[in-house]
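Heads up: the structure comes next, in structure tokens.
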Amino acid sequence: MEISVRPLADVEWPAGLALLHRAFVDEPFTVEMYGPDLPGRWAGSWALYSSMGRASYSLAIGAYAGDVLVGALVGSRPGHCHLCQVLARESRPEDPLDAIDWQFHQNIAEVHRPLAAHAWIEKVATERALRGHRIGRLLLDAAADALKGDAPADLVLECAPDRTTFYTGLQFEQVATFTDPAGPDAMLMRRRIR
């Protein structure tokens, strides 16, 4: 079956967040934040992902096998970076687990500051069983295509060091390295959109 990509409809937003949650629940940063106990980590991760809001400037794309959502990409359009405009301005939370994510966002904000207007990919993921089927590539190319009508800008995202090769194969370049308080140093990657 061929995979298709299209904008994620408002009614599909919760399903997209659930997919992202499942994709990242076993990642080292999630384990660091919520611990090795899977039920506790599952609950903490879901609380984080289910709280992600959607705005008029959101970039939300789904990948589908037939009518089944198998991949999701969420982010912000150029000039409306949710990280720079919202997350970087939040006060440090009292909860120590939430403070880890807050610090990560502060560290990303430092490497975003020198950038001109940019679009931000906050999360991109596919269902685990379908990794290796080029779904992530389709989602990222669809995001770049969706932004081509806007003014020239950079499409940026952050990733773990072991994923830089994947992104460089999709015309991203490494721009900066920054501290991830819940894992190895992370990379800021950029793809020019013309």
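The values are calculated or read from the model by the stated rules, or taken from the named source; none is laboratory data. What you are looking at is a predicted structure, and each value in this text was computed from that prediction instead of being measured. Note that we place each Cβ from the backbone using ideal geometry, even for glycine, and neighbour counts take in every protein chain shown. Ligands, DNA and RNA are stripped out before the accessible areas are found, and what is left, the full protein with its side chains, is counted by its heavy atoms. Shrake-Rupley method; radii C 1.70, N 1.55, O 1.52, S 1.80 Å.
So which pairs qualify, if the first residue must be in the stretch 38-65 and basic (Lys, Arg), the second must be assigned to a helix (DSSP H, G or I), the Cβ gap must be under 9 Å, and the two must be at least 6 apart or on different chains?
Hits for this filter: ARG41/THR30; ARG41/VAL31; ARG41/MET33; ARG41/TYR34; ARG54/ASP10; ARG54/TRP13.
Going by the structure shown, is VAL5 in contact with a Leu (Cβ under 8 Å, 6 or more places away or on another chain) and either within 27 Å of GLY183 (Cβ to Cβ) or part of a loop (DSSP other than H, G, I, E, B) (or both)? Outline the logic, then answer.
Values: in contact with a Leu (Cβ under 8 Å, 6 or more places away or on another chain): yes; either within 27 Å of GLY183 (Cβ to Cβ) or part of a loop (DSSP other than H, G, I, E, B) (or both): no.
Taking the combined requirement at face value, the residue does not satisfy it.
Please state which of the following conditions LEU17 fails to meet, knowing it meets all the rest: (1) of a type in the set (A, V, I, L, M); (2) at pLDDT 95 or above; (3) more than 30 Å from ALA146 (Cβ to Cβ).
The single condition LEU17 does not satisfy is (3).
Only residues that are modelled with pLDDT under 90, open to solvent by less than 80 Å² (accessible area, probe 1.4 Å) and over 15 Å from the mean Cα position of the chain (by Cα): list them for the stretch 20-54, please.
MET33
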